[in-house]
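Read-outs: derived from the displayed coordinates by stated rules, not from any lab. Given the structure is predicted, the values throughout are model-derived calculations rather than measurements. A quick note on method: Cβ atoms are made from the backbone with ideal geometry, for glycine too, and the neighbour counts reach across all protein chains shown.
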Amino acid sequence: MAEETKQVQMTPELTQTEKIKNSIEQIKGKKSKFLFFIVSTPNPAASIYEIYFHATTVKNLGYDVKILTDTAGYVIPDWIEKELTDIPHESMEQAKLTVRPEDVLVIPEILSSVMEQTKELPAIRVALLQSIDYQINAVMPGVEWKTFGVEKIITTSQNLKDVVEEFFGKSYDVKVYTPGIPEYFKYNGELKRPVISIVGRNPNEIGKVVKLFYAKYPQYSWITFDSMLTDSKPPQPMRRKDYADRIKKNFAGVWVDRIASLGTFPLECMAAGTIPVALVPDLPPEYILNEEGEPKENIGVWTNDFYAVPLLIGDVVTKFLDDSIGDEIIDTMAEVASKYNQEDAKKDLVEIYQGLIDERLDIFEKTLEKLENKEETITEEVKQD
């Protein structure tokens, strides 16, 4: 029997011109992939919420979006609205992805290891900066994001942008967007109760504030501090909608977070008509400062002194019981909070992310033009020879 001959068809290697044309076609057809990296956390965090908000905003533009998690056992947060988490998830350990030059990787500042691991990939890589402390802690001394080839940054405040440019130079492309507080935090005249919401990054500091308050004001022992967890046993994180309903019922909210760069909790309190009593972080949120760099009036009570916090809580309790918290305070807080709404946040993010794609398209088209002009020149030279 004659031996069968099998012919193997080899796919020819694409030229650089053909590769660029393919990328241009992919971009114009909205075939770019957006990969958002995320880390597990047992507690609700505004940083995690914002990543889902970004991803959903891009998804609604018609792009292919995926969440890459740090562990295979990642649990999708149930405290975030379902419509924000309805995105394919895949662990970084198990992901088998083909990343192209027209794709976008969005990497939180805490994941410098991912920045390093992806530095050879041709995709657009963007650092999402929400905390300067996380950025600094995630890298070795003398190392910055440019070491990993990351030059594009999205951040939540002009203050953070200023810090980046002050210490790392102005060669980074830093885009600032305004995070948005959901509409369901808006105060609608709910009756306030003698309960104080209290949140912070360090449980020991929170416990210290509560104990010092009761030590100074034993007559207010009947005032309750609300840790903003469910009433179940054991307590669990609350859905954000329930969290908002709880804040709107409480008359004050205490916030102690030294390393926060924006601080959504005070804004949530302002929107909810709840008086924030807060320790000013190392990098003060720009929404609390006037033109002289001092805290504004009628947007809660702010201090740089940790041990003043329990005393200021006492002052706010007294005014609450005397019914001397005027409407002008509620109105001013609502005005400040209204500038941090989700509609404006979406507009900012659409402009930023679409801008990344448009910029990459422009680069490809200019590169293609140069290559085609070069090929035409070579062809003409060959004909002349």
Quiz item: Cα convex hull of region 259-385: how many Å³ per residue?
Solution: 148 Å³
Quiz prompt | Under Karplus coefficients 6.51, -1.76 and 1.60, residue-wise ³J(HN,Hα) of region 83-92 in Hz, glycine/proline x | solution = 5, 8, 9, 7, 9, x, 10, 8, 6, 4
Quiz item: Suppose every K and R has +1 on its Cβ and every D and E has -1 on its Cβ; what is the size of the dipole of region 183-338 about the Cα centre, in Debye to the nearest 20?
Solution: 960 debye
Quiz prompt | Binned Cα-Cα distances of the chain, short to long, each 20 Å bin given as a whole percent | solution = 24, 48, 20, 6, 2, 0
Quiz prompt | Placed amide H near ILE196: partners under 5 Å, 5+ positions off or other chain | solution = THR224, PHE225, ASP226
Exercise. Name the long-range amide H neighbours of LEU289: under 5 Å, sequence gap of 5 or more, or other chain; modelled H, no Pro or chain starts.
Key: LYS296
Quiz item: Mind checking the angle between helix 46-59 and the chain's longest principal axis? C-alpha axes, 0 to 90 degrees, to the nearest 10.
Solution: 40 degrees
Exercise. Please list, or write none, the lysines whose alpha carbon is within less than 20 Å of the alpha carbon of LYS170, excluding same-chain residues fewer than 8 places away.
Key: LYS146, LYS152, LYS161
Self-check item: Lysine pairs with alpha-carbon atoms under 14 Å apart, region 183-338, spacing 8 or more or separate chains
Solution: 8
Quiz item: Can you work out ³J(HN,Hα) from phi for every residue in region 136-146, in order, using Karplus 6.51 cos²θ - 1.76 cosθ + 1.60 and θ = phi - 60°, giving whole Hz and x for Gly and Pro?
Solution: 5, 5, 7, 10, 6, x, x, 9, 9, 5, 5
Quiz prompt | Cβ-Cβ FRET estimate between ASP231 and LYS170, R0 fixed at 41 Å, reported to 0.05 | solution = 0.25
Exercise. Tell me what the chain gives for mean residue ellipticity at 222 nm when only DSSP H runs of n ≥ 4 count, each as -39,500 (n - 2.57), the sum divided by the residue total, rounded to 500 deg cm²/dmol.
Key: -12500 deg cm²/dmol
Practice problem: Could you go through region 282-299 in sequence order and give the Karplus-derived ³J(HN,Hα) for each residue, using 6.51 cos²θ - 1.76 cosθ + 1.60 with θ = phi - 60°, rounded to whole Hz, and x for Gly and Pro? | Solution: 4, 10, x, x, 5, 6, 9, 9, 8, 5, 8, x, 9, x, 5, 8, 6, 10
Quiz prompt | Environment charge of SER197, counting only residues whose C-beta is closer than 14 Å and scoring Lys/Arg +1, Asp/Glu -1 | solution = 0
Exercise. Going by C-beta contacts inside 10 Å, put PHE167, PHE306, PHE53 in order with the fewest on the left.
Key: PHE167, PHE306, PHE53
Self-check item: Nitroxide proxy distance, nm - points 7 Å out along Cα→Cβ at ARG201 and ASP323
Solution: 4.1 nm
Quiz item: Cα centroid distance between region 91-133 and region 305-353, in Å?
Solution: 35 Å
Exercise. Restricting to the chain, compute how many DSSP beta bridges are antiparallel as a %, nearest 5.
Key: 5 percent
Quiz prompt | Potential extension, SER113-ALA95 segment - 0.36 nm per residue separation minus Cα distance | solution = 4.9 nm
Quiz item: Shape of region 183-338 from its Cα gyration tensor (a ≥ b ≥ c, root eigenvalues): rounded if a/c is under 1.5, otherwise prolate when a/b > b/c, or oblate?
Solution: rounded
Practice problem: Please get the size of the charge dipole for the chain, origin at its Cα centre, with Cβ charges of +1 on Lys and Arg and -1 on Asp and Glu, quoted in debye to the nearest 20. | Solution: 1240 debye
Practice problem: Considering the options LEU349, THR264, SER221, tell which one lies farthest towards the positive end of the dipole of the chain, charges being +1 on Lys and Arg and -1 on Asp and Glu at the Cβ, about the Cα centre. | Solution: SER221
Quiz item: Of the GluC sites (Glu not before Pro) in region 150-211, which ones lie in a loop per DSSP and count no more than 10 other C-beta atoms within 10 Å?
Solution: none
Self-check item: Electrostatic dipole magnitude of region 141-195 [Cβ: Lys, Arg +1; Asp, Glu -1; Cα centre; debye, to 20]
Solution: 260 debye
Practice problem: List the residues whose amide H sits under 5 Å from the amide H of ARG125, counting only those 5 or more places along or on another chain, with H placed 1.01 Å from N in the peptide plane. | Solution: LEU105
